[in-house]
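Report on the following structure.
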Amino acid sequence: MITPEEIKRQAARAAEELCEAAKLKKGQIVIVGCSSSEIAGHKVGTLSSPEIGKAVFEGIYGVLKPRGIYLAAQCCEHLNRAVIVEREAVPQAEIVNVIPQPKAGGSFATAAYAGLEDPVAVEEIRADAGLDIGLTLIGMHLKKVAVPLRLPTTRIGEAILTAARTRPKFIGGSRAVYDENLK
């Protein structure tokens, strides 16, 4: 069985790879969906693990926080995939009243609520990039247009890891000129 310390290392490595591949900047938001059950090798939603949720949170937050990048933790479907995020990241958002728990929100979102400085819950967010750990379907919380990323890290524990960044929409057609540095 994989240890929480190894899970933390894998999560941190994935966050570092995402920051580099997506060219993330201070003030941007990363949405993370995480199934602790999948990480442990079980079907999503069947074996929520606070220890695994905390290890993933600590690994990812430890990479994002020093860079000034906000972590947004997607709750599970029992909370309609609400998002836990720092209040200052979403100053105009409508806050909803819920505190995630391991069986209603998920272990990762529960760890984020406990570990963020001033956490709030919102129903939706438009993140700049994301990590999906265990096929939790984070796409609803990404800005348009999402671009899949292939990171060197492909799993955290037993869970499949997918990643995405976003980019501005291309408009204008065949005569338009685009800024390739605009990410």
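No lab work stands behind these numbers, since they all come straight from the coordinates. Every value quoted in this text rests on a predicted model; they were computed, and no experiment measured them. Cβ placement follows ideal geometry from the backbone for every residue including glycine, while neighbour counts extend to all protein chains displayed.
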Taking alpha-carbon centroids only, the stretch 133-183 lies from the stretch 1-32 a number of Å equal to 15 Å
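For M1 and E51 in the same chain, what is the full-extension length gain: residue separation times 0.36 nm, less their Cα-Cα distance, in nm?
Details: separation 50, 0.36 × 50 = 18.00 nm, distance 1.32 nm.
That works out to 16.7 nm of additional length.
Using r as the Cβ-Cβ distance of M140 and A176, and R0 as 30 Å, what FRET efficiency do you calculate, to the nearest 0.05?
On the way: r = 29 Å, r/R0 = 0.96.
The computed FRET efficiency comes out at 0.55.
Hey, what number do you get for the chain at 222 nm if only DSSP H runs of n ≥ 4 count, each worth -39500 (n - 2.57), divided across all residues, to the nearest 500? Show your work: numbers first, answer last.
Numbers: 4 runs with 50 residues, N = 183.
Mean residue ellipticity, 222 nm, calculated: -8500 deg cm²/dmol.
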Count of lysine pairs in the chain with Cα atoms under 18 Å apart, counting only pairs 8 or more residues apart in sequence or on different chains? 22
For the stretch 4-167, what's the relative contact order in percent, using C-alpha pairs closer than 8 Å and at least 6 residues apart? 29 percent
Give the Rg (one decimal place) followed by the Dmax (whole number) of the stretch 53-183, computed from C-alpha coordinates and expressed in Å. 15.8, 53
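Provide the packing ranking of 130-143, 42-55, 25-38, i.e. peptides ordered by the mean count of other C-beta atoms within 10 Å per residue, highest first. Don't skip to the answer; put the middle values down first.
Working: 130-143: 21.3, 42-55: 19.2, 25-38: 23.7.
The peptides rank, most packed first, as 25-38, 130-143, 42-55.
I'd like the antiparallel share, as a percent to the nearest 5, of DSSP beta bridges with both residues in the stretch 4-167. Spell out each step's value before the answer.
Numbers: 20 of 31 bridges.
Around 65 percent antiparallel, to the nearest 5.
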